[in-house]
Amino acid sequence: MSTLFIFVFLGAFAGGLVNGLSGFGTGLTALPFWLIVLPPQLASPLAVVCSVVSQAGTLPQVWRIIDFKKVKPLVIGGLLGVPVGTFFLPLVSLNVCKAGVGILLVSYCSFQLISRTQFQVTWGGRIADGFVGLAGGVLGGLVGLSGPLPTIWANIRGWGKDTKRGVFQAYNGSILLFAFISQCVTGIITVEKMGHLFLLALPGTLIGVWCGRQLYSRLSDQRFDHILMVMLLISGCSLLISVFG
């Protein structure tokens with residue numbers, strides 16, 4: 001069994017597990033494994049492909065809990081934000097963006113985990129939701145981090161476990177599908193480049209997604225929120241390490 005297969009499989013399993021549980025996080029979880037054996041030019045598109053597979057694998061179970069009234073402004077804002085972020089990509093320091101998101105995640109999640117105080121925002125309605133989706137899309141276009149801001153926003157809104165899970169699924173699935181189509185059109189993702197890697201990653205992704213869905217069904221709202229905060233805290237630390245480490 002080759003080193004390439006082991007790390008690709010482990011990364012795919014970890015990414016699928018987190019995505020099946022939360023509806024996001026495939027790339028953040030899988031890339032640390034994949035970058036050990038793959039160049040970024042292959043690891044990043046592989047994360048997009050496996051993310052789409054993870055989203056598709058859980059969609060039949062999650063579809064019934066998606067609140068489309070809450071999802072719609074986030075998705076529209078996110079899709080509009082991705083090309084904006086891509087446009088500004090050559091003009092903005094990626095390390096500054098990563099550091100800013102990392103500091104936000106570490107600060108917010110640490111406060112939530114330590115204080116266990118649920119700070120809620122009820123103002124703004126769909127307009128505020130749309131702006132958060134837009135900001136997430138811009139960050140997605142800049143540094144591939146579309147998920148953190150809507151995730152924090154859903155927590156601040158005080159939505160329940162199923163509502164959050166449905167929002168994460170619909171929002172991240174839409175953004176990732178958009179990214180997948182864009183990368184296919186531009187030739188970043190092709191069968192020649194990615195076919196063999198996708199075949200290596202597919203079993204781990206599917207097994208991980210199944211395990212994540214089983215775990216999700218056993219979690220209470222409070223436990224789900226706790227796991228989300230831990231996941232985002234780890235992601236924030238990883239971003240800061242990637243910038244300052």
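Values quoted throughout were computed directly from the atomic coordinates according to the rules given, and no laboratory measurement underlies them. Note that the coordinates shown come from a computational prediction; the quantities given were computed from them, not determined experimentally. Methodologically, a virtual Cβ is constructed for each residue, glycine included, from the backbone with ideal geometry; neighbour enumeration extends over all protein chains shown.
Using a simple spin-label model with points 7 Å from Cα along the Cα→Cβ vector, what separation in nm is obtained for Ser182 and Leu199?
Using points 7 Å along Cα→Cβ, the separation is 3.0 nm.
From the residues Thr122, Gly147, Cys97, which one has its Cα farthest along the dipole of the range 95-245 in the positive direction, the dipole being from +1 and -1 charges on Cβ of Lys/Arg and Asp/Glu about the Cα centre?
Thr122
Of the cross-linked pairs Lys69/Lys164; Lys98/Lys193; Lys70/Lys161; Lys72/Lys98, which ones have a Cα-Cα span greater than 22 Å in the structure shown?
The pairs that break the limit, which is 22 Å between Cα atoms, are Lys98/Lys193; Lys72/Lys98.
Please rank Tyr171, Tyr216, fewest neighbouring Cβ atoms within 10 Å first, as an exposure proxy.
Tyr216, Tyr171
Got a sec? How would Phe111, Phe24, Phe224 order by Cβ neighbour count within 10 Å, fewest to most?
Neighbour counts put them in this order, fewest first: Phe111, Phe224, Phe24.
Counting only helical runs of four or more DSSP H residues, what would the 222 nm mean residue ellipticity of the chain come to if each run contributes -39,500 (n - 2.57) and the total is spread over all its residues? Provide the component values of the computation, followed by the final result.
Numbers: 10 runs with 202 residues, N = 245.
Helix contribution divided over all residues of the chain: -28500 deg cm²/dmol.
First check a/c for the range 95-185, with a ≥ b ≥ c the square roots of the eigenvalues of its C-alpha gyration tensor; if it is under 1.5, answer rounded, and if not, answer prolate when a/b is larger than b/c or oblate otherwise.
Values: a/c = 2.02, a/b = 1.38, b/c = 1.46.
Because a/c hits 1.5 or more and a/b fails to exceed b/c, the range 95-185 counts as oblate.
Could you line up Ser235, Ser115, Ser182 from fewest to most neighbouring Cβ atoms inside 10 Å?
On the way: Ser235 25, Ser115 9, Ser182 16.
Lowest to highest Cβ neighbour count: Ser115, Ser182, Ser235.
What does the net charge come to around Tyr216 if you take all other residues with beta carbon closer than 13 Å to its beta carbon, with K and R at +1 and D and E at -1?
So the environment of Tyr216 carries a net charge of +3.
Give the longest segment of the chain that steers clear of trypsin sites (Lys or Arg not before Pro) in DSSP loops with at most 13 neighbouring Cβ atoms within 10 Å, not counting the sites themselves.
Values: sites that count: Arg116, Arg218.
The reported range is 1-115.
For every other residue with a beta carbon closer than 15 angstrom to the beta carbon of Gly57, add +1 if it is Lys or Arg and -1 if Asp or Glu, then tell me the sum.
Counting the neighbours of Gly57, the net charge comes to +2.
Compute the relative contact order of the range 3-244 as a whole-number percentage, counting only Cα pairs closer than 8 Å that sit 6 or more residues apart in sequence.
With pairs under 8 Å counted, the relative contact order is 38 percent.
When the chain is treated as a GNM, springs tying every alpha-carbon pair under 10 Å, which of Leu91, Leu149, Leu177 comes out with the largest mean-square fluctuation?
Leu91
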